[in-house]
Amino acid sequence: MNPDLLGPLMFAAAFVFIFTGFPVAFSLAGTALVFMLIGISHDIMSFNLMSALPERIFAIYENYTLLAVPFFIFMGTMLERSGLAENLLRTMGILFGPLRGGLAISVVVVGTLLAAATGVVGATVVAMGLISLPVMLRYGYSKELATGVIAASGTLGQVIPPSIVLIVLADQLQVSVGDLFVGSLIPGLSLSAMYILYVVAVALFKPKAAPALPPEERDLHGWQLFKEVMLVMMPPLVLILLVLGSIFAGLATPTEAGAFGALGAIFLAMLYRSFNLKALVDTMDATAKLTSMVMLILVGSTAFSLVFRGLYGDIWVEDLLLNLPGAEVGFLITVNLIIFILGFFIDFFEIAFIIIPLVAGPAATLLAPLFPEALEPTRLALVWFGIMIGMNLQTSFLTPPFGFSLFYLRGVSPPEVSTMHIYRGAVPFIAIQIIGLTLMIVFPHIATWLLTVTSSGY
Amino acid sequence: MKRRDFMKKAAAGVAASTVFGPVFAQTKKKIRWRMATSWPKALDTIYGGAETIADRVRAMTDGNFDIRVYAGGEIVHGLKVVDAVQQGTVQAGHTAGYYYIGKHPAFAFATALPFGLNFRQQNAWLYDGNGNKLLNELFADFNMIGFPAGNTGVQMGGWFRKEINSVADLKGLKMRIPGLGGKVMARLGVTVQVLAGGEIYPALERGAIDATEWVGPYDDEKQGFYKVAKYYYYPGWWEPGPTLHTFVNLKAWNDLPKEYQQIYMTAAAEANQQMMVDYDFKNPPAFKRLLAKGVKLRRFSNEIMDAARKEAFALFDELASSDKFYEKVYTDWKAFREDIYRWYGTAESAYLQYVASRS
Amino acid sequence: MDFLLSFSRLIDALNEAVGRLVSWLTLLMVVIGVYNAVTRKLSQTIGVDLSSNTYIELQWYMFALVFMWGAAYTLKHNAHVRVDIIYSRLSERGKAWVDVFGTVLFLLPFTAVVLWTAFPIVFESWKIHEMSPDPGGLPRYPIKAALIVAFVLLFLQGLSELIKRIALLTGHQVALASGSEEEPSL
Ligand code: NA
Ligand code: NA
């Protein structure tokens, strides 16, 4: 067998195996094993290398960022099981009154904030899926719109600070994390705004997909409505805002805030007398399963990447990148495409490790002339480039058939929602992402303007 | 190198050895290794130590002994390099011994002890003294052989969000500081946190930690710590001259032709020197730039250093009383340390102090 | 087959018990997570060190136990996510065949490889009583050993699922977790 083909073949095999319907985590791990055997039989890698697998799982244990996953899932489940989430979103719906699509817009806003705060796709998508999907479906939203909004908002955290993706990218590009955070603010929030615009457009042109609450559900007015808002809507909203606020204000790390959020959800449930042993046991049980579901996909993915490296797949990617067409546009398109495809199966840490050191040099040389007026054109170009890669990865998390965000949402959606609903729902948001990415390429100042006005270094 | 060339060469190496027969075969033996490191590529000076070894070995063997270097996390997490070498997951590693004091406390002697030795003293103890010999007894228990392969020189004390004047100011302070330095700080009331490289900046920015140590001006400037913590303390008394090591799995080492073993040791020795050279060349301009950015430079007070030194030696004594091997190394190291500071305290330090104060 | 099915029921009961046990750890994690956050702030204010690496590490020890020991439980409840575009259109027998092949070719060998490679690592760690390198940290060898337990449980659950699928394919009566039956909202 031509060893040059092993890298691309691994991707093709994972594609086929996952499509059989066997659990994603074990299909990825299985692909790794099949190619490990090929690698050993062709004397490309030795079995010894597989000892890195337990070490990699130990490293997942100790990853402080991922600790936030069970906390946010716990908070989401508790709010959902106790009925608080439903009341919150229903009251929001009443408040939005006859405005169609109001619920979906609330989901984009809350989802964006939650995603931005946790920075972990799995935690956000699972929590938002639990809190808001049943409610949107109950009020007659199309399954596509409901799932698309959640899956897409859940990934936004990757390009809205604080974000783990941006931290790792900054480290690899050798630019300041703070600069990357500032630069990504406008692009990230613009995406969020474009999501909202899309929901509004659906509400206008396909009213059935994003209905207003039925009039009999909107029977509260004046004082009664105010009371309802204060009693039902405020407490969980305040909880979520406190959690987010404490992160943004620097009072707590995402992990700590997640722990507070989970405890807060328990107290709220007690306050509303919807807390009992069964609700607690259900919440813990769901948290354990969902956490395991999310984390085992990472375990499968780490096995896949290990063998990919074992077969020198990383050198294959290097070759692809080193033979890139020279002009800026050709370079950008190729880099983006490669990262996009890798993003399906390999988690972003690995991508950052493989790709960024290779492309940072050419990117700096090729792209710096695009910023002739800057004091430090190279650094500005790298910040822009980093945000673009972040946005690209975010898009690939959302893209069928293998975006991680879609898997996680599938894991919490009710049976009447099919995988195809989720896939179709993601498509318009991918279109938005592509528009966003194109705008970033055509108008780099979207990412760099805020940086040039806030920092004297540029 | 291109992947195709990489693979082809492997095949060519095998062919050459069969054509030219046994004499030639040994010198032309084709060997491919993987070297796991603890470092991100962004730490180019330290990561460079591993690359120096790989580059020199490749050059001296005409490309026949080919080592591919991996950044931390690429094969295994940066703090699990010894585990990977021990298990034979990779043939070699480049890391700091003191990351593994959880496995045996004597690993600390490989790198640095608080109030221990500087670069030259460390080398004297390791190469000419009993250091390397004793440590390789320890490494052998972990199925490895080790060689010094880099040094950063005396480090800085790190970045603090607020001023630390007395031991009382240290109580409850949350600081990122690994290894024995961390243990001493803990005895002084600091809450010690060990975070990976990329996690430190945001933790410091958001106040999840109050202080962090890193390396010195050149590396610290790139991390941008000066933007989120304005006090820059010195000296890094816990790392007066940390030696980085390359570890090689014993079986892989014994399978090497003698010639390649010599080449590897030479390359490691060169890395040991080159890293120090790089730091001494890169730190001064970075230091100047940091000062120009308004960084507030502070020296640890004698009160803090006295308390730290007392705790450090109390800790060493405790460890020595609980472990025979640690005691053996410690006794040797301590005697060497006393003698060399008597000597360094004379001509070396008087000259340095005078010249620096007049420059 | 009857013997195998009772073996399968035994495994199911074991993993059900383990799963329910570790689910309580999620609550304990919340409590300790809050404790860690509070004491960190408090220590800075009152100057007495209340926080400790013991609790900080305890948090991720429990996290590891939840997702690793819960993995078999999650498998038992069919809650590991699938891309079911084709799978959902298959007959019961078709689904069983996919699961038989996946379990035999992917899941069981994968767990076996992890166990095979993890054993010497855990043994070494246990032999030297490996500690956390950080002051106040916890011993590392128990949590490393927990990986072995996790993958033994996962291997066993894989066997149990395999037995149930084969029973179904050979015309025996078995109840398979569909995920949605037991957990209507999941
Ligand atoms: Na974020
Ligand atoms: Na240091």
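Values in this text are rule-based calculations from the coordinates and carry no lab data. Not measured: the values here are computed from a predicted model. All Cβ positions, glycine included, derive from the backbone under ideal geometry; neighbour counts span all protein chains shown.
Once the Cα atoms of helix B:3-27 and of chain B are each reduced to a long axis, what angle between those two axes, in degrees from 0 to 90 to the nearest 10, is obtained? Tilt of helix B:3-27: around 60 degrees. Available extension along the chain between B:Glu348 and B:Arg32 is 109.3 nm, counting 0.36 nm per residue and deducting the alpha carbon span.
Here the label points at B:Ser166 and B:Glu303, each 7 Å from Cα along the C-beta direction, are separated by 0.4 nm in the simple model. What FRET efficiency comes out for B:Thr331 versus B:Asp62 if R0 is 30 angstrom and r is the Cβ-Cβ distance? Round to the nearest 0.05. Using R0 = 30 Å, I get an efficiency of 0.10.
Model label points for B:Asp128 and A:Ala431, set 7 angstrom from Cα along the Cα-to-Cβ axis, are 7.7 nm apart. Contact order, relative form, for chain B: 21 percent (alpha carbon pairs under 8 Å, 6 or more residues apart, mean separation divided by residue count).
For region C:1-101, just run the numbers: alpha carbon Rg, then divide by 2.2 N^0.38 Å, N being how many residues it has. Don't jump to the answer; show the numbers that get you there.
Working: Rg = 20.9 Å, N = 101, 2.2 N^0.38 = 12.7 Å.
It is 1.64.
As I understand it, the value is the acute angle between the Cα axis of helix B:258-292 and the longest principal axis of the Cα atoms of chain B; what does it come to in degrees, rounded to 10? Around 30 degrees separate the two axes. With 27 Å as the limit, the listed pairs B:Lys80/B:Lys310; B:Lys162/C:Lys41; B:Lys29/B:Lys251 have B:Lys80/B:Lys310 beyond it between alpha carbons. Bridges between two residues of the protein assembly as shown, per DSSP, are antiparallel at a rate of about 45%. Per residue of peptide A:24-34, the mean number of Cβ atoms on other chains within 10 Å of the residue Cβ is 6. With only Cα atoms counted, region C:86-148 has Rg and Dmax values of 19.0, 57 Å. Phi angles across region B:113-129 convert, under the Karplus curve 6.51 cos²θ - 1.76 cosθ + 1.60 with θ = phi - 60°, into 3J(HN,Hα) values of 10, x, 6, x, 9, 8, 3, 5, 5, 4, 4, 4, 5, 5, 7, 8, x Hz, Gly and Pro given as x. Taking B:Glu338, B:Glu213, B:Glu51 as the candidate residues, the one with maximal mean-square fluctuation in a Gaussian network model of chain B, Cα springs under 10 Å, is B:Glu338. Mind telling me which of B:Met275, B:Met60, B:Met156 comes out most flexible in a GNM of chain B, alpha-carbon contacts under 10 Å? So, out of B:Met275, B:Met60, B:Met156, the one fluctuating most is B:Met60. In this structure, the amide hydrogen of B:Arg298, modeled 1.01 Å from its nitrogen in the peptide plane, lies closer than 5 angstrom to those of B:Tyr232, B:Tyr233, B:Tyr234, counting only residues at least 5 positions away or on a different chain. How far is the Cα center of region A:267-341 from the Cα center of region B:198-266, in Å? What the calculation gives is 28 Å, centre to centre.
What is the mean projected area of the alpha carbon convex hull for the protein assembly as shown, to one decimal in square nanometres?
On the way: hull surface 170.6 nm².
Spelled out: convex hull of the Cα atoms, projected over all directions, averaged, 42.7 nm².
Here B:Lys251 and A:Asp4 are evaluated by their C-beta separation; at R0 = 41 Å the FRET efficiency comes out at 0.85. Of B:Ala140, B:Ala96, B:Ala36, which is the most mobile in a GNM of chain B whose springs link Cα atoms less than 10 angstrom apart? Among B:Ala140, B:Ala96, B:Ala36, the largest mean-square fluctuation in the Gaussian network model of chain B belongs to B:Ala140.
Distance between the 7 Å Cα→Cβ label points at C:Ile85 and C:Leu105: 1.9 nm.
Binning all Cα-Cα separations of chain C at 5 Å, short to long from zero, yields these whole-percent fractions: 1, 7, 12, 15, 16, 13, 10, 8, 7, 5, 3, 1, 1, 0. If one takes the longest principal axis of the Cα atoms in chain A, at what angle in degrees, from 0 to 90 and to the nearest 10, does the Cα axis of helix A:313-322 lie? Roughly 80 degrees between the two axes.
With contacts taken as Cα pairs under 8 Å at a separation of at least 6 residues, chain A carries a relative contact order of 26 percent.
Cβ-Cβ distance of B:Lys310 and B:Val277, R₀ of 25 Å, FRET efficiency by 1/(1 + (r/R0)^6): the value works out to about 0.10. Fully extending the segment from A:Ala193 to A:Thr438 would add 86.6 nm, taking 0.36 nm per residue of separation and subtracting the current Cα-Cα distance.
Within region A:3-454, the proportion of C-alpha pairs whose separation exceeds 44 Å stands at 13%.
Given all pairs of different Cα atoms, what value in angstroms does the Kirkwood hydrodynamic radius of chain B take? Numbers along the way, then the final one.
Working: mean 1/r = 0.0464 Å⁻¹.
21.6 Å is the Kirkwood radius here.
Counting only other chain Cβ atoms within 10 Å of each residue's Cβ, the peptide C:131-141 averages 6. Extension gain for the segment B:Ser321 to B:Glu270, taken as residue separation times 0.36 nm less the Cα-Cα distance, is 14.7 nm to one decimal.
Look at the stretch B:97-103: the mean tally of other chain Cβ atoms within 10 Å of its residues' Cβ atoms is 4.
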